[in-house]
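Reading through the structure tokens given below for one structure.
Read-outs throughout are calculated quantities, based only on the coordinates presented, and are distinct from any laboratory measurement. Since we're looking at a predicted model, the values are computed, not measured. All Cβ positions, even for glycine, are placed from backbone atoms using ideal geometry, and neighbour counts span all protein chains on display.
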Amino acid sequence: MAIDSLAKQMKADGIDVVGFGAGEPDFNTPDEIKAAGIRAIEENNTRYTPASGLPGIKKAVCERVKADFHVEYEPSQVMVAAGAKHCVYVALRALVNPGDEVIVPAPYWVSYIELVRMMGGVPVVVTAEESAGFKITAQQLRDAITPKTKAMILNNPSNPTGMVYNGEELKALVDVCVENDLYIIADEIYSCLLYDGLKFTSVASLGEEVKKRTILINGVSKAYAMTGWRIGYALAEPEIIKVMSNYLSHCAGSCCTISQKAAEAALSGSQEKIETMRQAFEERRNYLVERMNQVEGVSCIKPEGAFYVMMNMEKLVGRTVHGQVIHTCDDFSQAFLKYGLVATVPGTAFGAPNFVRWSYATSMENIKKGMDRLEAFLKEFQ
Ligand code: PLP
């Protein structure tokens, strides 16, 4: 946040800062989805809906999930809320009692830790090393389990690393969850963004025992460039969804009716635009990763999904730039913004010291500029 507000201030002051902090697609919401939203207003779909969502969107969610992941859910197993983040929150509300432990693989999406704490729960961090492709193993998971463990949050593909667990790796992890009677909160918000021809495997598709323990979370934010519409959804066993929906009903009520209508159109309409955006992301990733690995002093592994790259800056620790010693990735990001005019997110926010996250949800032109500036900035190190 500190870097972000400084970057915004610099931009407001007319300084040409290039931003790589974005957690949202830089594309616009496709026209036909916008039109569905406009139509919803014109047709006076402007009143409350059932707290857990309109029947139409629930049906569209079930059909989408069946087509994409080959898993069957009934509309009574769906809760629609104001974004995937809200769904994670409500899922934790339903599952976690004070003192319960929730396993969170690191590097993690920043909100998970805070969300678990908000429930009075205890986040138990299991670190996935870069050398392991930023993926945890079944043994690491097993070692982290105690009698108090209630659930694991599994984000695949991952923000911030972009790594993707394949079906086999996932199976090894979820088997441990089944053996130990744990819930799996599967945040699959980036499920449509995989590269190199890889196919996504949803946790829910790994057998009935796994599906029963899974709260599957997804949404329209990343897939359809709809971050501002605020629609996410959760799928689970009916009794879990009932508790979640009751909670939602009292704390927020239904989410925006117009957005629900637009999201229904997104989920049930042509999925072609997703592919166009996915290809653009893949092209950007290829360019960024190749350039980054040509620069002396930093490196990155090639992520297979989402739109983030974790840059390893370990070799720069202890070196000096513009008279300032770089001790941490926070120092690096601050100096890079100040002297290199590039905004990135330091890995400390994600439980990943010595890494810096670059989001490539920005134009190719900006990515080229950013890489040129990285090259120039690193030459200034002593
Ligand atoms: N989950 C992860 C891993 C994310 O990276 C994000 C957004 O950055 C979200 C959830 C939030 O999605 P939504 O906009 O649907 O709340």
Mean-square fluctuation maximum in Gaussian network of the chain, Cα pairs under 10 Å, restricted to T320, T149, T344, hits T320
Here FRET efficiency (C-beta to C-beta, A376 to N180, R₀ 30 Å, nearest 0.05) is 0.05
Yeah, the stretch 233-373 with a ≥ b ≥ c from its alpha-carbon gyration tensor (a/c under 1.5 is rounded, else prolate when a/b outruns b/c, oblate otherwise) is prolate
Per the charge dipole of the stretch 47-268 (beta-carbon charges, Lys/Arg positive, Asp/Glu negative, Cα centre), the residue among A225, G121, A91 reaching farthest to the positive end is A225
Under 17 Å by backbone N from the virtual spin label 7 Å along Cα-to-Cβ at S76, the residues of the stretch 217-254 are 235-246
Counted neighbours (other Cβ, 10 Å), sorted fewest up, put T146, T201 in the order T146, T201
Counting Lys and Arg as +1 and Asp and Glu as -1 over every other residue whose Cβ sits under 12 Å from the Cβ of S299, the net charge comes to -1
Helix 55-69: inclination vs the chain longest Cα principal axis, degrees, rounded to 10, gives 60 degrees
In the chain the DSSP beta bridges are antiparallel at a rate, in percent to nearest 5, of 50 percent
Of the residues V61, Q140, M311, the Cα lying farthest along the dipole of the chain towards its positive end, which is defined by charges on the beta carbon of Lys, Arg, Asp and Glu, belongs to V61
The extension gain from Q279 to K369, computed as 0.36 nm times the residue separation minus the Cα-Cα distance, is 30.3 nm
Going from the fewest other Cβ atoms within 10 Å to the most, one would list R357, R142 as R142, R357
Given GluC sites (Glu not before Pro), DSSP loops and at most 13 other Cβ atoms within 10 Å, the longest exposed-site-free stretch of the chain is 130-295
Relative contact order in percent for the chain (Cα pairs under 8 Å, 6+ apart) equals 24 percent
Magnitude of the Cβ-charge dipole (Lys and Arg +1, Asp and Glu -1) of the stretch 132-205 about the Cα centre, nearest 20 debye, reported as 120 debye
Most fluctuating of S191, S52, S299 in the GNM of the chain (C-alpha, under 10 Å) is S299
Among G323, G228, G297, the residue with the largest mean-square fluctuation in a Gaussian network model of the chain built from Cα contacts under 10 Å is G323
Counted neighbours (other Cβ, 10 Å), sorted fewest up, put H86, H327 in the order H327, H86
The helix 31-42 Cα axis meets the longest alpha-carbon principal axis of the chain at an angle in degrees, between 0 and 90 and rounded to 10, of 50 degrees
Once normalised by the length of the stretch 47-268, the mean sequence separation of its alpha carbon contacts under 8 Å that are 6 or more apart gives a contact order in percent of 29 percent
Counting sequence-distant residues (5 or more places) and residues on other chains, those with an amide H built under 5 Å from that of A106 are V126, T127, A128
Two pseudo-spin positions, 7 Å from Cα along C-beta at I41 and at D196, lie apart in nanometres by 4.4 nm
Over the Cα atoms of the chain the radius of gyration and the largest Cα-Cα distance (Dmax), both in Å, equal 21.0, 64
Toy charge model, Lys and Arg Cβ at +1, Asp and Glu Cβ at -1: the stretch 47-268 dipole around Cα centroid in debye, rounded to 20, equals 860 debye
Quotient of Cα radius of gyration and Kirkwood radius for the stretch 164-289, i.e. Rg/Rh, equals 1.01
Given Cβ charges of +1 for Lys and Arg and -1 for Asp and Glu, the option among I241, L154, T257 whose Cα lies farthest towards the positive end of the dipole of the stretch 47-268 is T257
